[in-house]
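A.B. asks: Dropping the structure in here first, questions after.
Computed from the coordinates by the stated procedures, all read-outs in this text should not be read as laboratory data. Given the structure is predicted, the values throughout are model-derived calculations rather than measurements. Methodologically, a virtual Cβ is constructed for each residue, glycine included, from the backbone with ideal geometry; neighbour enumeration extends over all protein chains shown.
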Amino acid sequence: MEQVLSDCRVLVVEDEFFLALELEDALTMAGADVVGPLPDLGSALAQASEGGFDVAVVDLNLRGGLSFALADVLTAKGIPFVFATAYAPAQFPAAHRSRLILEKPYDPDVLIATLADLVKVKSPA
């Protein structure tokens, strides 16, 4: 696999253990330095406040709670992210319906390409 995410730190917020491990492996193979995986909103919010990552993958439903507060923090800090969820956009509050969403189950290659595009958009030309 091409190292399209080399020199990129990716925050992974995912509460499904095996899915988090698979995602971490795929990101690492793509050259990313993975922050996490973090399984709950509290630890994800703490990491978002601390920073130290370029882009994030955020599961919407974390142990029964929704991660919109994390999306708000990431947006305020200008950190690009993608929601990885089985929820349909129509189930999102209006403020979050236009967010980038990858429906679960997603293809890891599509996720990696999406993250690479987000980092390119954020990086200065």
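A.B. asks: Please list, ordered by chain and number, the residues whose modelled amide H lies under 5 Å from the amide H of Arg9; skip anything fewer than 5 residues away on the same chain.
C.D. replies: Amide H to amide H, under 5 Å and 5 or more residues apart or across chains, Arg9 pairs with Asp33, Asp54, Val55.
A.B. asks: Could you please state, rounded to a whole Å, how far the C-alpha centre of segment 1-48 is from the C-alpha centre of segment 64-107?
C.D. replies: What the calculation gives is 16 Å, centre to centre.
A.B. asks: A further question on this structure: Calculate, for Asp117 and Ser6, the FRET efficiency according to 1/(1 + (r/R0)^6) with r their C-beta to C-beta distance and R0 22 Å; round to the nearest 0.05.
C.D. replies: E(calc), rounded to 0.05, equals 0.90.
A.B. asks: With contacts defined as alpha carbon pairs under 8 Å and 6 or more residues apart, what's the relative contact order of segment 9-122 in percent? Walk me through the numbers on the way to the answer.
C.D. replies: On the way: 164 pairs, mean separation 27.3, N = 114.
Normalised by residue count, the contact order of segment 9-122 is 24 percent.
A.B. asks: Then there's this: Note the angle between two axes, namely the Cα long axis of helix 68-77 and the longest principal axis of the Cα atoms of the chain, as a number of degrees from 0 to 90, rounded to the nearest 10.
C.D. replies: Value to nearest ten degrees: 50.
A.B. asks: By DSSP, what percent of the beta bridges with both residues in the chain are antiparallel, rounded to the nearest 5?
C.D. replies: Percent antiparallel among DSSP bridges in the chain is about 10.
A.B. asks: What does the highest-first list of 35-44, 62-71 look like by mean Cβ count within 10 Å?
C.D. replies: Highest-to-lowest ranking by the protection proxy: 35-44, 62-71.
A.B. asks: So, one more: How about segment 92-123: which trypsin sites (Lys or Arg not before Pro) there are in a DSSP loop, with at most 12 other Cβ atoms within 10 Å of their Cβ?
C.D. replies: On the way: sites: Arg97, Arg99, Lys120, Lys122; in loops: Arg97, Arg99.
In loop regions of segment 92-123 (DSSP not H, G, I, E or B), the sparsely surrounded trypsin sites (Lys or Arg not before Pro) are Arg97.
A.B. asks: Given all pairs of different Cα atoms, what value in angstroms does the Kirkwood hydrodynamic radius of segment 47-95 take?
C.D. replies: 11.5
A.B. asks: Okay, moving on. Return the calculated 222 nm mean residue ellipticity for the chain, to the nearest 500 deg cm²/dmol, obtained by summing -39500 (n - 2.57) across DSSP H runs with n ≥ 4 and dividing by the residue count.
C.D. replies: One gets -12000 deg cm²/dmol as the mean residue ellipticity at 222 nm.
A.B. asks: Something else: Among rounded, prolate and oblate, which fits the chain when a ≥ b ≥ c are the square roots of the eigenvalues of its C-alpha gyration tensor, a/c under 1.5 means rounded, and a/b larger than b/c means prolate? Each step should come with its number before you reach the end.
C.D. replies: Working: a/c = 1.36, a/b = 1.25, b/c = 1.09.
In terms of gyration-tensor shape, rounded.
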